[in-house]
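The values are calculated or read from the model by the stated rules, or taken from the named source; none is laboratory data. Computed from a predicted model, the values in this text were never measured in an experiment. Positions of Cβ are generated from backbone atoms using ideal geometry, with glycine treated the same way; all protein chains shown enter the neighbour counts.
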Amino acid sequence: MSLIAVWTAVVTFGYGRYWGHHTTRLAVCDLAVTIGCMAGTLLAQPLSHLQNGASLLTSVWATGPVLALAIARGRDGGLLGAVAISGATLLLRGTDDLARQLYNIQLLLVAGLVVGYAATTTRRASARLTDAIAAESAAAERLRLGRTIHDGVLQVLAQVQRSGRGGGDAARLADLAAEQEVALRALITSSPATTSGTGESDLGAALAVLATTRVEVVLPAHPVPLPAATVAELTAAVTEALANVARHAGPDARAWVVLEDLGDEVLVAVRDDGVGTTSERLDGAAADGRLGVSQSIRGRIADLGGDVAVRRTPRPPCGSRRPPARTSC
């Protein structure tokens with residue numbers, strides 16, 4: 001009993017001090033110590049007495065690690081703890097009074113499952129609430145910054161753009177000002193990229209900031225949530241495609257980025273009205289060590305399980321998908 005009292009103090013301090021960091025490890029240790037204390041009953045009672053109905057030293061104290069595992073690991077953790085405690089009980093008591101033991105085991109299993117389910121539901125609700133508060137705060141901050149930028153930076157850029165219509169270096173400066181104006185407007189009007197506490201981001205919000213005076217981004221009216229790593233790779237591939245347009249499509253080429261959410265797959269199209277390319281030129285570039293298309297675009301999309309096609313037609317050339325459905329472009 002002294003060991004039970006000491007261990008109760010230890011886990012009470014541990015759960016209160018380290019909850020959320022090493023909870024699962026502590027709960028597993030709690031389970032092992034509890035089973036050991038149950039077996040320690042044999043030091044005070046012979047096995048025959050236990051099988052004839054004598055009480056275990058742990059009594060209801062044995063439910064502690066079951067509830068701790070249920071809170072820490074959800075339904076599966078509660079079920080694991082209940083099965084372990086129930087198995088130890090059956091080993092010590094035998095099967096003579098099986099009906100009574102099954103009743104207690106049933107209560108233990110139900111407690112583990114219910115508490116585990118409630119803990120999981122509570123965590124998810126808390127994550128959603130945190131996301132909602134963060135999104136509201138981000139939207140308010142975005143509006144405040146938008147007003148500040150509009151009253152200052154955007155007006156200056158617009159003035160520079162108007163002042164540079166005479167030609168020469170001033171015209172080049174006006175073009176740069178126009179590009180930055182479009183980029184800033186896209187930044188302050190786009191939605192926050194993160195959409196949930198599950199590690200997902202909005203692909204549309206990530207692509208929206210790529211808009212310039214020469215690049216138009218067309219997005220669905222609703223968010224397109226994907227894993228954050230997938231969004232980062234897709235955005236990098238589209239950025240590389242736009243860089244190729246700037247380098248090779250001609251000085252007056254314009255580009256369009258179109259995002260389509262098809263339900264079980266996502267299509268990202270990058271199109272330009274430049275001079276175009278050929279498969280032979282792409283193969284030659286890869287052979288010469290210029291890996292922009294073969295690695296930065298094709299490699300990224302292939303790693304995500306998607307497909308890439310490059311065509312000199314109006315059909316979109318760049319696509320990716322949500323696993324496991326296959327994307328074609």
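I need the full set of residues from region 301-320 which are within 10 Å of Thr230 (Cα to Cα) and modelled with pLDDT of 85 or more, in order please. Spell out the reasoning first.
If we filter region 301-320 for residues that are within 10 Å of Thr230 (Cα to Cα), which is where we start, we get 301, 303-304, 320.
Result: Ile301, Asp303, Leu304.
Just one of (1) modelled with pLDDT of 80 or more; (2) within 19 Å of Gly116 (Cβ to Cβ); (3) of a type in the set (A, V, I, L, M) fails for Val11. It is (1). The residues in region 83-130 that are free of Cβ contacts under 8 Å to residues at least 12 places away in the same chain and outside any helix (DSSP H, G or I) can be counted, and the count is 1.
Taken over region 85-108, the criterion of being crowded, with 19+ Cβ neighbours inside 10 Å and touching a helix residue (DSSP H, G or I) at 6+ places or on another chain (Cβ under 6 Å) is satisfied by Ile85, Ser86, Ala88, Arg93, Leu108. Give the residues of region 218-232 that are surrounded by fewer than 21 Cβ atoms within 10 Å (Cβ to Cβ), among the aliphatic types (A, V, I, L, M) and assigned to a strand (DSSP E or B), sorted by residue number. Within region 218-232, Val218 is the sole residue that qualifies.
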